[in-house]
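See structure below.
The values are calculated or read from the model by the stated rules, or taken from the named source; none is laboratory data. Keep in mind that this is a model prediction, so the values were computed, not measured. Don't worry about glycine lacking a Cβ; one is built from the backbone with ideal geometry, like all the others, and counts go over all protein chains shown.
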Amino acid sequence: MKTYKPTTKSRRNTVTIDYRKVLTASKPLKSLTVGAKKSGGRNNTGRITATHKGGGNKRAYRLVDFLYNKKDIPAKITSVEYDPNRTAFVGIAVYADGEKRYVVLPKNVTVGHKFVVGENAPIEVGNRLPLKNIPSGTFVYNIELKPEAGSKLVRSAGTFAQIVAQNDGYTQLKMPSTEIRRVQDLCWATIGVASNDEHKLVKYGKAGRSRWLGIRPTVRGTAMNPVDHPHGGGEGRQGIGLRRGPKTRHGKQAYGVRTRTPKKYSNQNVITRRKNGTR
């Protein structure tokens, strides 16, 4: 991590990742990028459905390969790059046939690292196999929910899932949330831990850095009017009143309430629910 001389109040509290020690390229590969349009937190009808989003620096979207459909062809990492659209580092993988693709890198992988995607690949960091061929206790990331459908689970910086058991065509995984769930053992996963595990230690230091990232200010409900928030109104500073608990701006209970759909289709695959307040 990188700290700074306290030349200003915000500089004193800023802690960032020392990218010079990790990254090897400053610009993305143009052929693997496209323009990205920002939503501002609005849905297709223009209503704000995700609050506190807007502005931010312009970004190029990296076309990251989550499908990994080039099987049994060795690949070599030729760069380690920052991706503004995700927390983990990405890198260019050059396959033996010459094709280049962006992939989410595992922890401690540097330029020159080789990996392979295949059913009989060795159990080594960066290699990708079906879950049924990975032994219990192994850390994995970039996990599929359905076979050959592309990685959906455990892709953020520093995250990993642990294989707990294999049973009746399913693999039991302990997720980063502490939830234990089962996934079809025909799904593929990458061995290792997602890169950039120091991401959680970053301190922005000032409000401006949040605005660069497209994060707008968060206003307390108690500072609003009654028309805008259940906590609003009243003379002077006060609590939430005689309500059962804190509310969201839409009147829903905010803390300590289970929000998962009671009849969600994937409930049958959750063996042990996550422990609230635990990572």
Which numbered condition GLU235 misses (of (1) in a loop (DSSP other than H, G, I, E, B); (2) under 28 Å from LYS5 (Cβ atoms)): (2)
Closer than 12 Å to GLY221 by Cβ and assigned to a loop (DSSP other than H, G, I, E, B) - does that describe any residue in region 263-270? no
Counting only residues that are surrounded by 12 or more Cβ atoms within 10 Å (Cβ to Cβ) and at pLDDT 95 or above, region 42-51 contains a total of 1
Determine which member of the set LYS107, LYS146, LYS152 is closer than 21 Å to ARG62 by Cα, of a type in the set (Lys, Arg), assigned by TED's automatic domain parsing to the domain that holds ASN57 and surrounded by fewer than 16 Cβ atoms within 10 Å (Cβ to Cβ). LYS152
From THR49, THR14, THR78, grab the single residue that is β-branched (Val, Ile, Thr), farther than 30 Å from VAL125 by Cα and touching a residue at least 24 places away in the same chain (Cβ under 8 Å). THR14
